1. Just name one of Ser161, Asn305, Met230: the one whose Cα is farthest towards the positive end of the charge dipole of the chain (beta-carbon charges, Lys/Arg +1, Asp/Glu -1).
2. Give me the dipole magnitude in Debye, nearest 20, for the chain about the Cα centre, with unit charges on the beta carbon: positive for Lys and Arg, negative for Asp and Glu.
3. Using the Karplus equation 6.51 cos²θ - 1.76 cosθ + 1.60 (θ = phi - 60°), what ³J(HN,Hα) coupling, rounded to whole Hz, does each residue of region 66-76 give in order, writing x for Gly and Pro?
4. How charged is the neighbourhood of Arg276? Take every other residue with its Cβ under 10 Å from the Cβ of Arg276, and add Lys/Arg as +1 and Asp/Glu as -1.
5. Using alpha carbons only, how many angstrom separate the centre of region 71-148 from the centre of region 1-44?
6. In Å², and per residue, what accessible area does region 56-172 have when probed at 1.4 Å with the other protein chains present?
7. Please give the net charge around Leu213, taking every other residue with its beta carbon less than 9 angstrom from that of Leu213, where Lys and Arg add +1 and Asp and Glu add -1.
8. Could you rank the peptides 60-67, 226-233 by their average count of other C-beta atoms within 10 Å per residue, with the highest value first?
Amino acid sequence: MTGILCLRKPEGITSFQAVRKVRGITGEKKAGHCGTLDPDATGVLPVMLGGATRFLEFLPTTPKQYRAVMKLGVVTDTLDLSGTVLETREVSAGREEILPVLDEFRGDILQVPPMYSALKKDGVRLYDLARQGVEVEREARPVTIFELELLPDGTDGTDPSNGEYVLDVTCSGGTYIRTLIDDIGATLGCGASMAALLRTQVGVFTLDRAVTLEDLEDARDAGTLDERVMPLEEALRFLDAVTVTGPQGNRFRNGGELSLDRLLFPETPDDGALLRVLTPDNEFLGLGEVCRETGTLTVRRVFVNR
């Protein structure tokens, strides 16, 4: 089985465990995910199956969209409510105080990654060091917050009187929503932790197209699993395409570069551009890269439907 599943990851399992469950349901041994979610987070987790796994690096993972519950007045070691509470503080801030603070976090900002994260320091995962009680210095990294909105009071059953507010965030890859909320809390002076996180979009994958593990089990039992799988090319349609002849397609399949002078382009592609390579029947062959220096379209990936 080859293609992509837009999975709605449930709470309480890691992204790796979610992929393992998908393997068990689909019977596809070769599977991988893009855009890791924390165990307590839910929502969109794209899972590549079969031959699609070879194209993981080419999938767009930005923008990412999240809906997060922010709990004011609580500071934890993990920056979310799954961790150990380090401090509780009185909360005097409300909507009127939160709104101007959000302005400070829109656009290009710097974030210090949390200790409880999968990043490595000298080859060791930060969360492994954190569990040993070790804290190391982390360099601030640039991220972009494209949109940051405070939703109406009471959204998703939250209670402002209990310091609970909901944020919708659209951001670049590498952004930690836990850190964003912790930084907002620090600016407000009362501290804050993330109480819940739902990812609603990763690149072209959106929550309205996501399926649950239970959905997949039902589809397997009904013999309709293929209907749940997105063709790989659909996720790559943000790239321009070039149609090749039969002989050119055979050469490409075997790893051979193609002369740009013998290809027809609607517009002259830029040097280094990635292109979807199609047969006259619109069969997807893989991805080629334009090399102006050699005048060729070189093979980046050949698609094998297995």
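The values are calculated or read from the model by the stated rules, or taken from the named source; none is laboratory data. From a predicted model like this one, the values you see are computed outputs, not experimental measurements. FYI the Cβ positions are ideal-geometry reconstructions off the backbone, even for glycines, and counts take in every protein chain you see. Surface accessibility is based on the protein's heavy atoms, side chains included, excluding ligands, DNA and RNA. Shrake-Rupley method; radii C 1.70, N 1.55, O 1.52, S 1.80 Å.
1. It is Asn305.
2. 1420
3. 9, 10, 10, 9, 9, 10, 6, x, 10, 10, 10
4. Details: positive: Arg237; negative: Glu233, Asp240.
Taking every Cβ under 10 Å from that of Arg276, the sum is -1.
5. Their Cα centres are 25 Å away from one another.
6. Details: 6410 Å² over 117 residues.
About 55 Å² of surface per residue is accessible.
7. It works out to a net charge of 0.
8. Packing order, densest peptide first, comes out as 60-67, 226-233.
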